[in-house]
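Report on one structure; see the data block that follows.
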Amino acid sequence: MEQKTMEQRDLDLIWHPCSQMKDYETLPPMVIDHAQGVWLYDIHGKAYLDIVSSWWANLLGHRNPVLNERIKAQLDKLEHVIFANFTHAPAITLAERLKELVPEGLCRFQFHDNGSAAVEAALKLCFRYWAQTGHPEKQRFMCLTEGYHGETIGALSVGSMDLFAKLYKPMMMDNIHVEAPDCFRCPYGKERDHCQCECFAKAEEAFALHGRETAAMIVEPLLQGSAGMRVYPALYLQKLRALCDAYEVKLIADEIATGFGRTGTLFACSQAGITPDVMCLSKGLTGGYMPMSLTVTTREIYEAFYDDYGKHKAFLHSHTYAGNPLGCAAAHGVLDVLEQESILPRARENARWLTEEMEARFGNHPLVGEIRHIGLIHALELVADKKTKRPFPAEKRLGYHFYQKALERGLVLRPLGDVLYFNPPLTITRGELTQAMDILEQVLA
């Protein structure tokens with residue numbers, strides 16, 4: 001009997017995420033054997049440049065020696081322990097380190113095991129906060145259109161991308177969706193870096209109608225990632241913070257994708273000079289090594305749950321792997337590398353260089369409607385008509401075809417619709433970025 005390949009064995013049993021499995025008939029899964037830095041190597045010896053950081057999580061490169069050693073050392077001491085009534089040094093010291101780095105005023109850390117879980121906890125915290133402080137009418141949530149906050153039902157409910165959420169709407173909460181900034185196709189005819197966020201009028205209208213019944217507003221600060229790396233001004237966040245204060249609405253910053261240097265600063269909120277009431281962290285938190293997330297909040301919210309047990313105010317929310325010591329060890333490794341190896345200053349320099357290179361190479365390409373960027377993240381939106389910004393019909397799956405062509409040449413260029421983007425590990429070199437641009441140039445040609 002003919003022996004099956006690893007690819008065939010995978011397809012016999014595995015249902016891959018965010019995939020139409022029928023596509024795998026023509027593009028079978030790549031079986032990765034090992035990795036190093038920004039490179040993945042399959043079982044056939046082919047190399048792939050991981051320009052998307054394995055779904056934006058791999059912050060400092062694969063097999064980073066510092067993170068490896070941190071996890072190995074922790075594995076010989078403690079792999080996991082129940083986190084209710086028990087604790088351990090890696091979690092305690094991680095919270096202490098992060099308190100000095102997150103926006104001022106955030107000081108209480110809840111541990112979870114993935115980004116969606118952090119968002120769910122944030123929503124539940126804000127909902128119960130108002131119920132326990134005399135405002136039971138505040139039960140709804142606001143979010144931005146085209147936002148994405150995870151795949152669990154609560155997280156989907158505060159997302160606005162029909163690609164993920166539309167089929168599940170009968171299951172979802174009735175939330176308020178505020179028209180998001182769209183700087184590429186600005187309805188006011190403004191430019192991203194030269195406006196007063198006229199689009200913020202949509203948020204003001206929503207708050208005027210629904211502010212009294214709203215518990216919290218959740219946003220991806222500065223960057224709507226799954227929407228196609230849509231970048232918007234820091235001024236919008238500043239105005240939103242003030243509006244939330246005026247209507248007594250909590251502000252949740254979903255920094256799962258933007259945190260730990262992705263936007264050029266350690267946290268995107270820092271560029272607006274604001275402190276959210278709740279911040280959600282994951283992905284870069286552990287360098288993409290271990291599934292772990294945090295919901296970070298203020299003393300004010302924490303104290304609304306602090307009382308005698310019989311008052312039934314405790315936040316009864318838990319995850320089996322909350323506070324996992326191996327995840328904490330990986331997070332310590334991330335902070336060590338960021339602090340000791342000048343990662344962010346070097347990434348900012350490379351980001352400026354990359355912007356210039358991309359504009360020179362692709363700025364005048366007839367298919368490229370816009371090159372937008374924040375930190376090392378750079379995105380090219382493909383359009384059918386450059387002048388009118390008319391998109392290609394979705395059924396053409398243009399981005400997906402470019403993805404296939406890039407894979408043939410060894411570049412993991414997984415698209416967001418017709419948006420091709422670079423979101424590489426912060427440790428990528430200019431030589432590796434040049435290789436990626438060379439392949440992108442070949443594919444566009």
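The values are calculated or read from the model by the stated rules, or taken from the named source; none is laboratory data. Since the structure is predicted, the reported quantities are computational estimates derived from the model, not experimental observations. In this analysis, Cβ positions are derived from the backbone assuming ideal geometry, glycine residues included, and neighbour counts consider all displayed protein chains. All accessible areas refer to the heavy atoms of the entire protein, side chains included, with ligands and DNA or RNA removed. Shrake-Rupley method; radii C 1.70, N 1.55, O 1.52, S 1.80 Å.
Would you please name the residue that is farthest from the chain's Cα centre (by Cα), looking only at residues in the range 8-26 that are part of a loop (DSSP other than H, G, I, E, B) and under 16 Å from Tyr403 (Cβ atoms)?
Thr26
Just give me the residues in the range 402-425 being assigned to a loop (DSSP other than H, G, I, E, B), at negative phi and either of a type in the set (Asp, Glu) or open to solvent by less than 10 Å² (accessible area, probe 1.4 Å) (or both), in sequence order.
Leu413, Asp418, Asn423, Pro424, Pro425 - these are the residues of the range 402-425 that are assigned to a loop (DSSP other than H, G, I, E, B), at negative phi and either of a type in the set (Asp, Glu) or open to solvent by less than 10 Å² (accessible area, probe 1.4 Å) (or both).
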Residue pairs meeting the criteria (Cβ under 8 Å; at least 6 apart or on separate chains; first among the small types (Gly, Ala, Ser), in the range 361-374; second open to solvent by less than 30 Å² (accessible area, probe 1.4 Å)):
Gly363/Ile371; Gly369/Phe184; Gly369/Glu381; Gly369/Leu382; Gly369/Val383
Subset of the range 301-313 [assigned to a helix (DSSP H, G or I) and either in contact with a strand residue (DSSP E or B) (Cβ under 7 Å, 6 or more places away or on another chain) or closer than 17 Å to Leu123 by Cα (or both)]
Ile301, Tyr302, Glu303
Looking at Leu335, Leu294, Leu316, can you tell me which residue is of a type outside the set (Lys, Arg), modelled with pLDDT of 95 or more and either open to solvent by 10 Å² or more (accessible area, probe 1.4 Å) or part of a helix (DSSP H, G or I) (or both)?
Leu335
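Residue-by-condition table, conditions (1) aliphatic (A, V, I, L, M); (2) more than 30 Å from Lys77 (Cβ to Cβ):
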| residue | (1), (2) |
| --- | --- |
| Ala95 | yes, no |
| Leu98 | yes, no |
| Cys107 | no, no |
| Ser116 | no, no |
| Ala121 | yes, no |
| Leu167 | yes, yes |
| Gln196 | no, yes |
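Applying the selection to the range 343-380, what residues are part of a helix (DSSP H, G or I) and not charged (D, E, K, R)? Quick ask: steps written out before the conclusion?
Of the residues in the range 343-380, the ones part of a helix (DSSP H, G or I) are 343-362.
Passing the criteria: Ile343, Leu344, Pro345, Ala347, Asn350, Ala351, Trp353, Leu354, Thr355, Met358, Ala360, Phe362.
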If Gly288 passes every condition in (1) farther than 16 Å from Pro424 by Cβ; (2) among the small types (Gly, Ala, Ser); (3) surrounded by 20 or more Cβ atoms within 10 Å (Cβ to Cβ) but one, which one does it miss?
(1)
I'd like the full set of residues that are free of Cβ contacts under 8 Å to residues at least 60 places away in the same chain, in a loop (DSSP other than H, G, I, E, B) and surrounded by fewer than 24 Cβ atoms within 10 Å (Cβ to Cβ), limited to the range 253-285.
Gly273
Within the bounds of the range 124-134, is there any residue that is open to solvent by less than 60 Å² (accessible area, probe 1.4 Å), touching a residue at least 24 places away in the same chain (Cβ under 8 Å) and under 19 Å from Met292 (Cβ atoms)?
yes
